[in-house]
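The values are calculated or read from the model by the stated rules, or taken from the named source; none is laboratory data. Please read all numbers here as calculations on a predicted model, not as lab measurements. Cβ placement follows ideal geometry from the backbone for every residue including glycine, while neighbour counts extend to all protein chains displayed. All accessible areas refer to the heavy atoms of the entire protein, side chains included, with ligands and DNA or RNA removed. Shrake-Rupley method; radii C 1.70, N 1.55, O 1.52, S 1.80 Å.
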Amino acid sequence: MSRKIADYYQEILNNLNAPSTILDLVNLPHDFTVSAMYENSGKNEDFNNLKSLLEQTDKFVFIVPEYNGSYPGVLKAFIDGLPYPNSFTNKKAALVGLSSNMHGAALALSHLNDVFSYLGMNTLALRVKLGQIRTHYHERVISNALYKELLELQAGQMIHF
């Protein structure tokens, strides 16, 4: 679902003439936690390519699925593998949470916002929480009018943030 919502969000940005690139964590090297971190920092070319893309970017939209009451560990590991402290310092982010329950990953977004605050990232105040997302998304269409409106509003705010 995360990739489907990322594609949907990218379409909104395209309609607003705001080019974007999707960095999908599924493209991380399967062994990056041992081949690209700590004493191996800088040694994994595939990880370095993703890191380079991130370093060239000033604004991010994080599409975050709820996982065990927070955000996925692979996202935390990816963040931990980036150079500290400057990877996110003074950059900007919008947060979109997805969940199967009613909460729309509210707790996950709160946890992630705390990490970004620590790293010096500025997050947009409007955090979109898409609860019961599988009920409201079918074949590239979001049926919940409020969800559509919030995503479009956030995308517009992000452009001017």
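Descriptive notes on the structure:
- Of note, Ser87 satisfies the criterion of being touching a helix residue (DSSP H, G or I) at 6+ places or on another chain (Cβ under 9 Å), farther than 22 Å from Asp7 by Cα and assigned to a loop (DSSP other than H, G, I, E, B).
- Hits in region 10-26 - residues which are in a loop (DSSP other than H, G, I, E, B), among the polar types (S, T, N, Q) and surrounded by 14 or more Cβ atoms within 10 Å (Cβ to Cβ): Ser20
- Cross-chain or 6+ apart pairs with Cβ under 6 Å, region 27-54 first and over 19 Å from Arg3 (Cβ atoms) and part of a helix (DSSP H, G or I), then of a type in the set (Phe, Trp, Tyr) and at pLDDT 90 or above: Phe47/Phe32
- Some residue of region 77-88 being over 30 Å from His136 (Cα atoms), of a type outside the set (A, V, I, L, M, F, W, C), under 15 Å from the mean Cα position of the chain (by Cα) and open to solvent by less than 20 Å² (accessible area, probe 1.4 Å): yes
- Scope region 106-124; condition within 21 Å of Tyr8 (Cα to Cα) and either surrounded by fewer than 19 Cβ atoms within 10 Å (Cβ to Cβ) or in contact with a helix residue (DSSP H, G or I) (Cβ under 9 Å, 6 or more places away or on another chain) (or both); matching residues: Ala106, Thr123, Leu124
- Among the candidates Val64, Val34, the residue that is aliphatic (A, V, I, L, M) and open to solvent by 60 Å² or more (accessible area, probe 1.4 Å) is uniquely Val34.
- Failed item in (1) touching a residue at least 60 places away in the same chain (Cβ under 8 Å); (2) closer than 18 Å to Arg140 by Cα, with Ala6 passing the rest: (1)
- Check on Tyr84, of a type in the set (Phe, Trp, Tyr) and either touching a Cys at 6+ places or on another chain (Cβ under 7 Å) or at pLDDT below 95 (or both): yes
- Residues (more than 18 Å from Leu98 (Cβ to Cβ) and outside any helix (DSSP H, G or I)) located in region 67-81: Gly81
- Inter-residue pairs, beta-carbon under 6 Å, first in a strand (DSSP E or B) and in region 55-66, second β-branched (Val, Ile, Thr) and open to solvent by less than 40 Å² (accessible area, probe 1.4 Å), 6+ apart: Ile63/Ile5; Ile63/Val96
A quick yes/no check of all residues on (1) under 30 Å from Glu139 (Cβ atoms); (2) open to solvent by less than 40 Å² (accessible area, probe 1.4 Å):
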residue: Gly42; (1), (2): no, no
residue: Leu54; (1), (2): no, yes
residue: Leu95; (1), (2): yes, yes
residue: Met102; (1), (2): yes, no
